[in-house]
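What follows is a single structure, written as structure tokens, with notes after it.
Every number in this text was worked out from the coordinates using simple rules, so none of it is lab data. Being a predicted model, the structure only gives us computed values, none of them experimental. Cβ: placed from backbone, ideal geometry, glycine included. Neighbour counts: every protein chain shown.
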Amino acid sequence: MHDANHLIRQLRESSVGREGDVFARLPDGGTVTFGALFTGAERMAAALAAQGVQPGDRVAVQVQKTIQAIELYLGTVMAGGIFLPLNTAYTGPEVAYFVGDAKPRVVACDPARLDEITAIAGAAQVLTLDAVGQGSLRDLADGQNGFEAVERGADDLAAILYTSGTTGRSKGAMLSHENLASNSLTLRDYWRFTTDDVLIHALPIFHTHGLFVATNVALFAGAQVVFLPGFDADAILEAMPAATALMGVPTFYTRLLADARLTKERAAKMRMFISGSAPLLVDTHEQWETRTGHRILERYGMTETNMSTSNPYDGERRAGTVGFPLPDVEARVMQDGAEVPAGEIGVLEVRGPNVFQGYWQMPEKTAEELRPDGWFITGDMARVDADGYVTIVGREKDLIITGGFNVYPKEVESLIDDLPGVLESAVIGVPHPDFGEGVVAVVVPDGGGTSAEAINAALSGQLARFKQPKEIILLEALPRNTMGKVQKKALREEYAGLFS
Ligand code: AMP
């Protein structure tokens with residue numbers, strides 16, 4: 001019956017016969033079974049179809065994290081639509097850009113923003129879903145009965161996720177049923193998720209990490225999730241003794257480390273802690289092992305590629321690296337049109353069933369980044385060591401060129417981060433009248449006592465002069481987005497006039 005809706009058919013098959021088993025545990029003590037989840041998804045699909053959603057239509061969604069929002073994701077794809085999640089932090093003008101670009105048939109938003117969103121929604125139907133899963137969309141869905149999944153093939157689009165747009169306009173990454181299904185199945189097997197797992201799900205669901213890595217992997221494994229509306233140290237620590245896995249961004253781990261309740265005993269039943277979406281500090285990795293006895297498993301991916309590399313389950317989880325290319329994923333490091341030897345830095349390219357279909361209505365941008373033979377130019381600078389471990393050294397656009405010399409921020413950051421009294425750092429290049437760009441280090445002290453002079457003195461023996469910061473700025477915290485990524489662009493703007 002559901003044969004032809006590629007992703008949803010596969011997700012659903014994973015829990016056939018277990019419809020009565022619990023998929024999600026909710027913060028209020030309630031539970032949602034696999035059966036209820038897919039019934040809810042069918043009702044959402046029927047509601048969307050009743051609003052005129054046809055195969056290939058976009059459904060833009062800016063709502064809080066609820067099970068109904070997951071049902072809306074599954075229901076959109078069931079109805080043959082393309083799910084387009086938006087960060088809940090986006091303002092009206094930002095949403096207006098996405099809606100104008102993607103021209104969705106339906107926009108789902110929080111009831112509190114109904115007027116604002118209606119004003120910018122153009123021809124789209126605007127429906128609401130609130131933080132407890134109520135609203136006009138839910139009402140419409142509750143009035144529906146079953147729904148037969150619309151026929152869709154492996155190459156049809158299931159989702160468009162807009163990139164965070166650190167340079168220029170945000171681009172819509174088009175992801176097919178096969179892109180999503182193949183990657184989640186690979187991760188399920190690589191990380192050995194089974195029906196015995198209980199995953200703490202505290203990530204947002206408007207981003208690839210929480211939506212696809214966490215949700216799809218759990219569904220494919222028939223695993224249970226502890227479904228939290230967001231990061232909440234109390235709730236995570238409370239769930240931990242009865243859970244087996246946590247997926248988080250690095251800030252999850254640093255925040256949990258700051259809590260005395262994080263102990264070996266509390267993590268005793270946990271099978272795995274996974275980190276990604278931003279670099280995990282070696283220091284965090286080490287502290288985590290000391291405190292819990294677990295080595296965090298770091299993986300690497302991006303909106304356009306799903307997950308591309310992962311540290312191994314059984315082998316050495318090497319801190320500071322993102323492990324090996326996943327099965328069926330190829331990776332290479334390029335410089336000036338040629339692959340570089342092991343250990344040398346260049347731009348990472350990846351190829352495989354995980355790689356997206358291109359940017360929505362941007363054929364030129366697609367052509368710039370996706371080669372005709374399938375290699376995607378990630379824009380991340382990386383190194384692959386002789387034994388195959390991949391290390392990400394930063395975004396290509398964060399590379400600093402000072403006096404004609406390349407400085408990789410991560411090299412300088414790693415040295416600074418290792419100094420006593422330093423919590424973390426971000427190294428950026430800002431305009432400099434003599435050198436083109438000048439190296440600037442923005443440093444967050446850890447309270448143990450440090451100063452610009454002390455950092456300078458420590459670096460001078462270790463780094464070539466051109467790599468040494470010309471200015472060191474001490475800050476209380478680095479600017480980060482919701483996924484824990486340091487906003488270097490904001491720092492570059494802030495300090496643009498430093499040398500002028
Ligand atoms: P996004 O598309 O928002 O998921 O961002 C993808 C980018 O996040 C990648 O291109 C990397 O620059 C960065 N990223 C993701 N995972 C890691 C990781 N484990 N280590 C370092 N950078 C990462």
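What is the ratio of the Cα radius of gyration of region 286-372 to 2.2 N^0.38 Å, where N is its residue count, to two decimals?
1.32
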### Query
Over all distinct alpha-carbon pairs, what is the Kirkwood Rh of region 47-113 in angstrom?
12.0
### Task
Name the residue farthest towards the positive end of the dipole of the chain from the options G343, L219, Q357, assuming +1 on Cβ of Lys and Arg, -1 on Cβ of Asp and Glu, about the Cα centre.
L219
### Query
Quick one: which of 308-317, 87-96 comes out on top by average Cβ neighbours within 10 Å, and what's the full order, highest first?
308-317, 87-96
### Summary
Averaged over all viewing directions, the convex hull of the alpha carbons in region 122-219 casts a projected area in nm² of 9.6
## Note on the structure
The value for the chain (convex hull of the alpha-carbon atoms, volume per residue, Å³) is 150
### Task
For region 197-271, state what percent of all Cα-Cα pairs lands in each successive 5 Å bin, counting from 0 Å until the bin that includes the largest distance.
3, 17, 29, 27, 16, 7, 1
### Message
List the aspartates and glutamates whose Cα sits under 14 Å from the Cα of K489, skipping any in the same chain fewer than 8 residues away.
### Response
E396, D398
### Summary
Helix-only [θ] at 222 nm, the chain, -39500 (n - 2.57) per DSSP H run of 4+, per residue, nearest 500, equals -8000 deg cm²/dmol
### Task
List, largest first, the extents of the alpha carbons of region 205-247 along their principal axes, each in whole Å.
25, 22, 12
### Query
Quick one: if the Förster radius is 35 Å, what FRET efficiency do R169 and Q287 give, using the C-beta to C-beta distance and rounding to 0.05?
0.35
### Query
For region 351-369, list residues with backbone N below 18 Å from a point placed 7 Å from the Cα of K103 toward its Cβ?
359-364
### Query
Under 18 Å from the Cα of K103, which lysines turn up, not counting those fewer than eight places away in the same chain?
K171
### Task
Using the 2.2 N^0.38 Å rule of thumb for compact globular proteins, work out how region 35-85 stacks up: its C-alpha Rg over that value, please.
1.00
### Query
Dipole size in debye (nearest 20) for region 267-318 around its Cα centre, Lys and Arg Cβ +1, Asp and Glu Cβ -1?
220
### Taking all pairs of distinct alpha-carbon atoms in region 152-306, Kirkwood radius in angstrom
16.2
## Note on the structure
In Å, the C-alpha Rg and Dmax of region 1-129 are 15.2, 46
### Query
Across the Cα atoms of region 396-500, what radius of gyration and what greatest pairwise Cα-Cα distance (Dmax) are found, in Å?
12.9, 37
#### Entry: Mean separation of Cα contacts under 8 Å (6+ apart) over length of the chain, as relative contact order %
10
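Multiply the residue separation of D259 and I401 by 0.36 nm, subtract the distance between their alpha-carbon atoms, and state the gained length in nm to one decimal.
47.1 nm
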